[in-house]
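Right, one structure below, let's go through it.
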Amino acid sequence: MTNFDSTAGSPGQVRFFNPGPVWVRPQVMQALTGPMLSHRSQAFMDLYGRILEKLPKVFRTARTAHTLATSATGVWESALVSCVEGPVLALSNGAFSGKWGEMASRLGLETDTVKFEWGESVKPDAVKKKLAEKKYAAVTVVHSETSTGVISDLAAIAKVVHENSDALLFADAVTSVAGTRVETDEWGLDVVLTGSQKAFALPPGLALFAVSERAMAAAKKKKFRGLYLDLVDIEAFAAKKQTPTTPCLPLLYALDVQLDHILAEGIENRWARHGAMRKAVEDWAERNGFRVLAEAGAHSPTVTSLIPPEGVNAEELNKTLKGMKWTTGSGYGKLKSTNVRIGHMGDVDVASVEAYLKAHEEAMASMRSKAGSAA
Ligand SMILES: Cc1ncc(COP(=O)(O)O)c(C=O)c1O
């Protein structure tokens, strides 16, 4: 295997810096090859029981944390179809938060949006103002907007929502949980979710999430909740250490192994490592004339969207890095041609992020020399 392979090597050698799916440790890849089991067997219940024991520790909840064989988006839908009958307030400050609001309208729910510029965090005061205007059944928010590299103050947003309404708070923690502090119980997050391919550093295909008692009570009152995404069914089966439908067994083997790794590292140490990777990117950007898109004080610990200095073309930089066998993130959506995105999440470390940033310097030097010889 080469270093270009997304699963090869040790953290210090990684050349795969996509903002998800992220690099996966070889030990985790190995775990995917466990034997097939009936998901109603004791062996499965032993495996799932171990996961249900460990997963809540990462979500910081005394309740159950769940898995579902969908990508993260499946749980956006699960929360809405299981729990919500009234209007939804979508807090939108980037591509993913905007899309969650769009999903609510596509489901036929009356949806209002509080919109912030790309690069801005969600402002609790604006949320409070909107909540005073109307009664909402649920509020959706994205903690770390992967499209812009902005992290919002989820604790403050949760406080405003709970102090000023009875709305359920649904939090997308796709690029935050397992990478930075997410306190499900302490902050009162009613549904909080991620996908396996982000800070958990697993292959894609599995959603991981927790549901509050309040959200579960709302779901039990709702008559039509669909079937595959029904939180009531999911919780009832979890009580038997099972899933309602066939689970993605290979990913559960991998999750079991990876949870041991995450808990052995220590969840707070893991947050600190992500904080150190963010700082390495910020310092490098400052030294090299790159501007961080995210507003000051709201830089995500897991992903950074950077605007290159005058004269450096973002798309050419990405192309050059790809040619040098680095997997890198381009700007997202409308920022595709103007920004580069650095994923710094999962099991990679500061040394590997620094090597990746150094490669940007080499790529820019090669672009300059190419432009010089063409002139
Ligand atoms: C913040 C955020 N929310 C939701 C998603 C969608 O996740 P998935 O593709 O796993 O459904 C992503 C994917 O990158 C994301 O970054």
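The values are calculated or read from the model by the stated rules, or taken from the named source; none is laboratory data. Computed from a predicted structure; not experimentally measured. A quick note on method: Cβ atoms are made from the backbone with ideal geometry, for glycine too, and the neighbour counts reach across all protein chains shown.
Here are the numbers:
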item: Output for the stretch 59-75, where each listed residue is in a loop (DSSP other than H, G, I, E, B), in contact with a Lys or Arg (Cβ under 9 Å, 6 or more places away or on another chain) and within 15 Å of the ligand (Cβ to nearest atom); result: ALA72
item: Flag if ALA95 is under 27 Å from LYS220 (Cα atoms), surrounded by fewer than 19 Cβ atoms within 10 Å (Cβ to Cβ) and within 13 Å of the ligand (Cβ to nearest atom); result: no
item: Of residues in the stretch 272-318 being in contact with a Ser or Thr (Cβ under 6 Å, 6 or more places away or on another chain) and of a type in the set (Ser, Thr, Tyr), the one nearest to PRO21 (Cα to Cα); result: THR302
item: Condition check for GLY266: free of Cβ contacts under 8 Å to residues at least 60 places away in the same chain, surrounded by fewer than 24 Cβ atoms within 10 Å (Cβ to Cβ) and at positive phi; result: yes
item: In the stretch 76-92, the residues that are β-branched (Val, Ile, Thr) and either outside any helix (DSSP H, G or I) or within 11 Å of the ligand (Cβ to nearest atom) (or both); result: VAL84, VAL88
item: Residue pairs meeting the criteria (Cβ under 8 Å; at least 6 apart or on separate chains; first part of a helix (DSSP H, G or I), in the stretch 162-186; second within 13 Å of the ligand (Cβ to nearest atom)); result: THR184/VAL192
item: Which numbered condition LYS279 fails, given (1) surrounded by fewer than 19 Cβ atoms within 10 Å (Cβ to Cβ); (2) in the same structural domain as LEU68 (by TED's automatic domain parsing); result: (2)
item: From GLY98, GLY94, GLY149, residue being without any contact (Cβ under 8 Å) to a residue 24 or more places away in the chain and either among the β-branched types (Val, Ile, Thr) or touching a strand residue (DSSP E or B) at 6+ places or on another chain (Cβ under 6 Å) (or both); result: GLY98
item: Selection status of VAL150, within 16 Å of the ligand (Cβ to nearest atom), more than 22 Å from LYS222 (Cα to Cα) and out of contact with any helix residue (DSSP H, G or I) (no Cβ under 6 Å at 6 or more places or on another chain); result: yes
item: Residue in the stretch 223-233 that is surrounded by 23 or more Cβ atoms within 10 Å (Cβ to Cβ) and in contact (Cβ under 8 Å) with a residue 12 or more places away in the chain present; result: yes
item: Residue count for the stretch 226-265, restricted to those that are over 20 Å from SER71 (Cβ atoms), in contact with a helix residue (DSSP H, G or I) (Cβ under 9 Å, 6 or more places away or on another chain) and not in a helix (DSSP H, G or I); result: 3
item: Residue selected from the stretch 153-190 under the condition within 29 Å of LEU202 (Cα to Cα) and among the charged types (D, E, K, R), by the criterion nearest to the ligand (Cβ to nearest atom); result: ASP172
item: Candidates LYS134, LYS130, LYS115 - the one that is closer than 18 Å to LYS99 by Cα and in contact (Cβ under 8 Å) with a residue 12 or more places away in the chain; result: LYS115
item: Subset of the stretch 97-153 [over 19 Å from the mean Cα position of the chain (by Cα) and of a type in the set (Gly, Ala, Ser)]; result: ALA104, SER105, GLY108, ALA126, ALA132, ALA137, ALA138
item: Residue selected from the stretch 198-208 under the condition surrounded by 24 or more Cβ atoms within 10 Å (Cβ to Cβ) and in a loop (DSSP other than H, G, I, E, B), by the criterion nearest to the ligand (Cβ to nearest atom); result: LYS198
item: Selection from the stretch 29-64 of residues that are of a type in the set (A, V, I, L, M, F, W, C) and farther than 29 Å from ASP190 by Cα; result: MET29, ALA31, LEU32, MET36, LEU37, ALA43
item: Any chance GLU53 is more than 12 Å from the ligand (Cβ to nearest atom), in a loop (DSSP other than H, G, I, E, B) and farther than 25 Å from TYR332 by Cα; result: no
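Table: residues versus (1) in a strand (DSSP E or B); (2) away from the ligand (no atom under 16 Å from the Cβ); (3) loosely packed, with under 15 Cβ neighbours inside 10 Å; (4) not charged (D, E, K, R).
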| residue | (1), (2), (3), (4) |
| --- | --- |
| ALA272 | no, yes, yes, yes |
| GLU286 | no, yes, yes, no |
| ALA294 | no, no, no, yes |
| SER305 | yes, no, no, yes |
| PRO309 | no, yes, yes, yes |
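One line per residue, one yes/no per condition, for (1) closer than 26 Å to GLY179 by Cβ; (2) surrounded by fewer than 20 Cβ atoms within 10 Å (Cβ to Cβ):
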site: GLY74; (1), (2): yes, yes
site: VAL81; (1), (2): no, no
site: TYR136; (1), (2): no, no
site: GLU145; (1), (2): yes, no
